[in-house]
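Data first, discussion second: the structure below is written as structure tokens.
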Amino acid sequence: MVKTRQILLITVAVAVMGNFYPLAAEVIDRIVAIVNNDIITLSDLNKSTQGYKNNILSSQNSDARKKELITQLESDMLGQLVENVLTLQEAQKYNIKVLDQDIDNAVENFKKTNNLDDERLKKGLAAEGLTLEDYRNKMKDQIRQSMLVNRAVRSKIIITDEEISAYYNDHKDQFTGIKKFRLQNILIQNEQDIQTVVTQLKDKASFSQLAREYSIGSNASEGGELGLFDISSFSDDIRNAIQDLKKGQFTQVLKTGNAYQIIYVDDIIMEGSQTVEQAKEKIQNILFRAQGEKQFKEWMEALKKNAHIKLML
């Protein structure tokens with residue numbers, strides 16, 4: 001992280017006849033922000049933005065648009081660096097330390113998640129203008145911030161049962177699961193026979209028994225059983241015929257090639273549906289993240305308000 005630097009300007013001078021005469025003064029670094037007792041320099045900012053700048057410069061945008069994007073990038077990144085310095089200062093107050101093993105684990109997890117070996121990771125970082133050391137430092141900052149947020153912010157978050165119930169009731173569609181139909185069918189070539197079946201079904205005859213007696217389908221011996229289906233992938237005609245039926249109801253006669261069929265809804269199941277108790281942990285995590293983000297923003301704004309911050313970009 002940024003450390004206080006005392007020498008920011010280098011003056012190139014030469015000795016002429018025993019005296020030093022400045023020939024030129026070249027600024028190779030300068031302060032772009034002061035955050036309490038720490039500083040952020042132009043080189044810090046350039047290092048953080050280099051990869052993004054390269055992408056902007058190689059884009060098809062006009063020169064004016066590129067300049068606009070880079071200006072916005074530098075402003076946004078400087079704000080992020082200020083927040084990083086503030087969190088580092090707070091971490092020091094809490095005596096939070098990040099071990100090399102923590103960083104090693106984070107890097108290995110990233111490699112595993114993205115199916116990378118060391119060589120591919122280094123090439124990917126190089127494409128963004130970063131070294132492995134740069135990346136490890138970024139990971140260190142992220143881990144430190146996460147540890148700090150857990151201690152200073154998230155430890156104060158309390159999710160009540162009332163909040164969980166309210167979220168569940170307001171977002172029931174997230175927990176109802178997928179509606180699936182357990183279906184049977186009767187397939188008949190003769191139109192007169194299919195009408196006979198319809199008449200018997202209306203008289204409460206057993207669909208399974210009628211399938212065994214009349215159906216020419218390969219599943220006739222199993223009472224016309226088809227299985228459990230999410231009908232969203234069915235053809236429009238069949239889906240429309242089934243979707244509004246309730247358990248124990250059957251479709252009108254459907255023309256199927258050179259035959260006719262009737263489809264029966266043996267059962268309707270909401271697969272993957274959850275009660276509020278079953279969804280409790282999931283809802284807690286959702287609410288925790290939402291409240292954590294909100295409180296982190298408030299906490300960061302309070303840090304900024306109470307800090308001495310001067311931007312000089």
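The values are calculated or read from the model by the stated rules, or taken from the named source; none is laboratory data. What you are looking at is a predicted structure, and each value in this text was computed from that prediction instead of being measured. So basically every Cβ, Gly included, is an ideal-geometry build from the backbone, and we count neighbours across all protein chains shown.
Helices (runs of 4 or more DSSP H) fully within the range 115-231 that include at least 1 residues being closer than 24 Å to residue 100 by Cβ, touching a helix residue (DSSP H, G or I) at 6+ places or on another chain (Cβ under 8 Å) and free of Cβ contacts under 8 Å to residues at least 24 places away in the same chain: 118-127, 132-152.
Residues of the range 93-125 that are surrounded by 10 or more Cβ atoms within 10 Å (Cβ to Cβ) and of a type in the set (Val, Ile, Thr): 96, 98, 103, 107.
How about the range 247-273: which of its residues are over 12 Å from residue 198 (Cβ atoms) and at pLDDT 95 or above? Give the derivation first.
Looking only at the range 247-273, we keep the residues that are over 12 Å from residue 198 (Cβ atoms), and these are 247-249, 255-259, 263, 265-273.
Across the range 247-273, the qualifying residues are 247, 248, 249, 263, 265, 266, 267.
Out of the range 43-65, which residues are more than 20 Å from residue 125 (Cα to Cα) and either surrounded by fewer than 13 Cβ atoms within 10 Å (Cβ to Cβ) or at pLDDT 95 or above (or both)? Result: 60, 62, 63, 64, 65.
Residue by residue through the range 59-91, note down the ones that are of a type in the set (A, V, I, L, M, F, W, C) and over 21 Å from residue 312 (Cβ atoms). Once the filter is applied, which keeps residues that are of a type in the set (A, V, I, L, M, F, W, C) and over 21 Å from residue 312 (Cβ atoms), the range 59-91 yields 64, 69, 91. When 176, 160, 87 are checked against the criterion of being surrounded by 14 or more Cβ atoms within 10 Å (Cβ to Cβ) and of a type in the set (S, T, N, Q), a single residue qualifies: 87. Residues in the range 36-87 that are touching a strand residue (DSSP E or B) at 6+ places or on another chain (Cβ under 8 Å) and part of a helix (DSSP H, G or I): 42, 44, 45, 78, 81, 82, 85, 86. Only a single criterion out of (1) under 29 Å from residue 172 (Cα atoms); (2) at pLDDT 95 or above is not satisfied by residue 292, namely (2). What about residue 94, is it more than 21 Å from residue 132 (Cβ to Cβ), modelled with pLDDT under 95 and among the aromatic types (Phe, Trp, Tyr)? For residue 94, the condition - more than 21 Å from residue 132 (Cβ to Cβ), modelled with pLDDT under 95 and among the aromatic types (Phe, Trp, Tyr) - is met.
Do you know which residues across the range 88-99 are without any contact (Cβ under 8 Å) to a residue 40 or more places away in the chain and not in a helix (DSSP H, G or I)?
In the first step, residues of the range 88-99 are kept if they are without any contact (Cβ under 8 Å) to a residue 40 or more places away in the chain; the result is 92-93, 95, 97, 99.
Result: 95, 97, 99.
Quick check on this structure: which one of 264, 260 is part of a strand (DSSP E or B), more than 44 Å from the chain's Cα centre (by Cα) and not acidic (Asp, Glu)? Before the answer, list the steps.
Details: 264 fails: more than 44 Å from the chain's Cα centre (by Cα).
Sole residue among the options that is part of a strand (DSSP E or B), more than 44 Å from the chain's Cα centre (by Cα) and not acidic (Asp, Glu): 260.
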